[in-house]
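Some notes on the structure that comes next.
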Amino acid sequence: MKTIKVSEATNIQLDWLVWVCAGGAAAYPKTASGKAFSKLWHGNSATYVHPTTDWAHGGPIIEREKINLEWWHMPKEWHAETNEALRYDDKGEFVDGSNFPQHGPTLLIAAARCYVASKMGEEVEVPEELA
């Protein structure tokens with residue numbers, strides 16, 4: 001395994017990380033390895049996993065996780081963050097938590113980075129084959 005920053009993760013790394021966060025690797029343990037996931041990702045299977053490029057895969061995550069997205073003119077990239085900072089505790093008091101801000105060249109990449117950071121943190125481990 002290799003440690004990387006979520007903010008620098010490539011498409012295949014992000015897709016694998018989203019797959020892990022969403023429980024896909026637990027449900028289909030053979031896909032947890034870099035080699036098996038790479039084969040799946042490149043289309044050598046009836047199932048594809050592309051939440052960073054396919055709205056049918058990434059869109060439901062954005063909606064379910066309530067990820068906010070907006071275009072930033074400087075530095076000309078998409079900004080994504082969760083609603084985690086906008087919540088109330090059990091006593092009904094506002095809690096100022098982290099909203100896991102992330103950026104990317106596309107909406108789906110920014111959203112995937114935000115989703116992964118909210119579940120796994122700013123630095124993550126990916127299989128060597130995906131690095």
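The values are calculated or read from the model by the stated rules, or taken from the named source; none is laboratory data. In this text, all values refer to a predicted model and were calculated from it rather than measured experimentally. Counting neighbours? That spans all protein chains shown, and the Cβs are built from the backbone with ideal geometry, glycine included. Calculation scope for accessible area: heavy atoms of the full protein, side chains included, ligands and nucleic acids excluded. Shrake-Rupley method; radii C 1.70, N 1.55, O 1.52, S 1.80 Å.
Identify all residues within segment 20-31 that are over 19 Å from G58 (Cα atoms) and touching a residue at least 12 places away in the same chain (Cβ under 8 Å); write none if there are none. Residues satisfying the conditions do not exist here. The conditions of being among the polar types (S, T, N, Q), touching a strand residue (DSSP E or B) at 6+ places or on another chain (Cβ under 7 Å) and either on the phi < 0 side of the Ramachandran plot or at pLDDT 95 or above (or both) are met by N68. Scanning segment 5-48 for residues that are closer than 29 Å to E77 by Cα, open to solvent by 50 Å² or more (accessible area, probe 1.4 Å) and more than 17 Å from the chain's Cα centre (by Cα) yields a count of 1.
Picking from residues in segment 62-75 that are open to solvent by 20 Å² or more (accessible area, probe 1.4 Å) and among the aliphatic types (A, V, I, L, M), the one that is nearest to N99 (Cα to Cα) is L69. Of the candidates V124, V49, V116, the single residue that is among the aliphatic types (A, V, I, L, M) and at pLDDT below 90 is V49.
Taking the criterion of being among the aliphatic types (A, V, I, L, M) and either under 8 Å from the mean Cα position of the chain (by Cα) or open to solvent by 30 Å² or more (accessible area, probe 1.4 Å) (or both), the residues of segment 112-131 that qualify are A112, V116, A117, M120, A131.
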